Protein chains: 2
Amino acid sequence: MPGPTVAIVGATGAVGSVMIDILNSRENVPWGEIRLIASARSAGKKITVRGVEHTVVELSPEAFDGVDIAMFDVPDELSAQWAPVAVERGAIAVDNSGAFRMDPEVPLVVPEVNADRVHERPKGIIANPNCTTLSMMTALGALHREFGLRELVVSSYQAASGSGQEGIDRLQEEIAAVAGKQVGERAGDVAEALAAAGLLAEQTPFKAPLAMNVVPWCGSRKDDGWTSEELKVRNESRKILGIPELKVSATCVRVPVVTTHSLAVHAVFEREISVEQAHRLFEAAPSIVLQDDPAGEVFPTPAGVVGADPTYVGRVRQALDFPNTLEFFVCGDNLRKGAALNTYEIAETLVQD
Amino acid sequence: MPGPTVAIVGATGAVGSVMIDILNSRENVPWGEIRLIASARSAGKKITVRGVEHTVVELSPEAFDGVDIAMFDVPDELSAQWAPVAVERGAIAVDNSGAFRMDPEVPLVVPEVNADRVHERPKGIIANPNCTTLSMMTALGALHREFGLRELVVSSYQAASGSGQEGIDRLQEEIAAVAGKQVGERAGDVAEALAAAGLLAEQTPFKAPLAMNVVPWCGSRKDDGWTSEELKVRNESRKILGIPELKVSATCVRVPVVTTHSLAVHAVFEREISVEQAHRLFEAAPSIVLQDDPAGEVFPTPAGVVGADPTYVGRVRQALDFPNTLEFFVCGDNLRKGAALNTYEIAETLVQD
């Protein structure tokens, strides 16, 4: 019997490309057909997957005929339009956009935390969380099961590739424009160096220069001064962990890192948790690597872990003044576990069931 | 009558250079003599201050003879040794090292917050806070006076110049080494690019590559996984604000920014505080610039404010789930208000009294 047919919708984007890498490196699912779907602009492009050359086909209702699982990595409005079409044509849609995440009829799944939720999908759609939320979910899930999470205060150090290939290219261009210029010592000199290199402010996805800077604004504007990214961290964490009353405050900040989001996490639990207990839970978790040895000054950094599947955890400390509270620092590749890998793992979970 | 004599100890360092800039741009104190003091290596160097060429003199007991106020910007062990010598010779020492900050007989002063403390100086020494703590102190002081601060959870985005001129040079060299290399997409490729350019890991002040990375380790190792920088934020905040029981958790992270520290602050007060009330207090404070207009996507960034004297505050939000709690983002030049400027303002306060 041939294996199931999988489609990658948005196969030529930053996340779609990582999805193809994952299909090449993970052989555990014997997919029947692999179908690459993208916009008309990319249709016809040839991409080799598992040793076989595939031709990218244009997004259309017929493109989903015979597809068992369709993995979507496209903007919200395209997912909103096309995921239901894929379902109509018989596929289960696993969607990495924000279109369905907070829909009560769509499960929001991180397999290590709530794999059982894949069965409740009245719309035929399963959502993949936002990459920032996902970067800390396996770590928090492991602690929550034993100690009961109550509160989160989180600050992010988010990578340029959270804005896709456009973000990666812009950061690389900005770094080239400021190199050797000795800027960063006078207000606006970074922006001037970018403008001199032809990198116009109105063309950046980051709202401000990112080279030699940090930008406390990710996503779009929401009510009362919050950004969409900060509210996603709050609302998606509650849904994935199944804690509707979880208290969350997040501040999301873009940093000049290509790929891999980092988060400084202040997590309050129902009862006391020691560093040793947290270490044991992190070491026992399948998708976590503990890098935490203060004596050896060992801790994770994004440039040190980019490209890896697991979430890296370090700097685990008991808060000195807050009861039942841990501080820690996580780094997770936002294109892999933060996007393509988790989507793929949801698909694997569906196949294994 | 001639004005008071001021000495800058460490006049040729990163902070000392900013101190000389401030002496040149602020004419409000009619200093009599200005004496530049540094190590033997820099002695004899000529530096023009207020239009007059000065010769740097070597640090010695006699160098303090006739000095009224000696501003120290040297490492802890040098301050520990030499500030008492300056006092013996008749000076008041204003010290920007960590040597005396937590000494109960040494006031720790941010003039906007606790200027009155300059009079209680049984050792003749006044300490200037750590630059990370200082970056948020004027903002927190303004809110605390009206609303009573109870708890702080803080994550830092700290600039390279927190490690002095060595840190600035290293970051600039690292940026030049990675420019155009398309690194940051594979674990360790940034470190490899630095090594290929001759930038050895054992020579960095940052513990890990800083270009295209963030490093969650600032300062030295303390007990239970904490760093010196994180404990300074806690202990110095308590002392400056006069709240011995203030609850504080800090995570300190170095980012590839040349100068200006940023902090994401989660602050809990005794009573409810609205965004409007916080805005009014920030606007009324003499050393704060409010840059906070979500509708216009206006917020401060370090590259946008470096070189300026005030603390810039933005992203002010009421926490959605925590009572009496504000979130905000501050940027402060760590060499100016974070170091040289605050030291100078302490000296000004002494002269004005």
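The numbers here are math on the coordinates, done by the rules we state, and not lab data. Given the structure is predicted, the values throughout are model-derived calculations rather than measurements. So basically every Cβ, Gly included, is an ideal-geometry build from the backbone, and we count neighbours across all protein chains shown.
Which GluC sites (Glu not before Pro) does region B:1-80 hold that lie in a coil by DSSP with at most 15 other beta carbons within 10 Å? Each step should come with its number before you reach the end.
Details: sites: B:Glu27, B:Glu33, B:Glu53, B:Glu58, B:Glu62, B:Glu77; in loops: B:Glu27, B:Glu33.
Here the sparse-neighbourhood loop sites are B:Glu27, B:Glu33.
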**Asked** Build a GNM of chain B with springs between Cα atoms under 10 Å: which of B:Ile69, B:Ile34, B:Ile175 gets the top mean-square fluctuation?
**Response** B:Ile175
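Per-residue mean of other chain beta-carbon atoms within 10 angstrom of the beta-carbon, peptide B:165-177?
Mean partner-chain Cβ count within 10 Å for B:165-177: 3.
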**Request:** Could you sort out which of B:Lys45/B:Lys337; A:Lys123/A:Lys207; A:Lys232/B:Lys247; B:Lys123/B:Lys232 sit more than 24 Å apart by Cα distance in this structure?
**Result:** B:Lys45/B:Lys337; A:Lys123/A:Lys207; A:Lys232/B:Lys247
**Asked** Put a dot 7 Å past each Cα toward the Cβ at A:Asp223 and B:Ser274; how far apart are the dots in nm?
**Response** 1.6
**Asked** Helix-derived [θ] at 222 nm for the protein assembly as shown: sum -39500 (n - 2.57) over DSSP H runs of at least 4, divide by residue count, nearest 500?
**Response** -9500 deg cm²/dmol
**Complete:** When chain B is treated as a Gaussian network with springs between alpha carbons less than 10 Å apart, the largest mean-square fluctuation among B:Ala127, B:Ala93, B:Ala195 is found at B:Ala195
**Complete:** Computed about the Cα centre, the charge dipole of the protein assembly as shown from +1 Lys/Arg and -1 Asp/Glu charges at the Cβ has a magnitude in debye, to the nearest 20, of 140
**Prompt:** In whole Å, how far is the Cα centre of region A:255-313 from that of region B:115-146?
**Reply:** 34
**Item:** Rounded FRET efficiency, nearest 0.05, which uses the C-beta distance separating B:Thr48 from B:Leu200 and R0 of 51 Å
**Value:** 0.90
**Asked** What fraction of the DSSP beta bridges in the protein assembly as shown is antiparallel, stated in percent and rounded to the nearest 5?
**Response** 50
**Request:** For chain A, give the share of DSSP beta bridges that are antiparallel, in percent and rounded to the nearest 5; count only bridges with both residues there.
**Result:** 50
**Asked** Just A:Leu23, A:Leu335, A:Leu320 to compare: in a GNM of chain A, with alpha carbon springs under 10 Å, which one fluctuates most?
**Response** A:Leu320
**Fill in**
For A:Ile8, B:Ile20, A:Ile243, B:Ile125, ascending order of other Cβ atoms within 10 Å (fewest first) is A:Ile243, B:Ile20, B:Ile125, A:Ile8
**Request:** Just name one of A:Leu200, A:Ile168, A:Phe299: the one whose Cα is farthest towards the positive end of the charge dipole of chain A (beta-carbon charges, Lys/Arg +1, Asp/Glu -1).
**Result:** A:Leu200
**Request:** May I ask you to report, in nm to one decimal and beginning with the shortest, the distances from A:Lys123 to the same position in the other copies, taking label points 7 Å along Cα-to-Cβ?
**Result:** 6.4
**Message:** Let me make sure I get this right: for chain A, a, b and c are the square roots of the gyration tensor eigenvalues over alpha carbons, sorted descending. Under 1.5 in a/c it's rounded, otherwise prolate if a/b > b/c, else oblate. Which is it?
**Reply:** oblate
**Message:** Tell me the relative contact order for region A:169-285 as a rounded percent, counting alpha carbon contacts under 8 Å between residues six or more apart.
**Reply:** 20
**Length-normalised contact order for chain B - Cα pairs under 8 Å, 6+ apart - percent** = 18
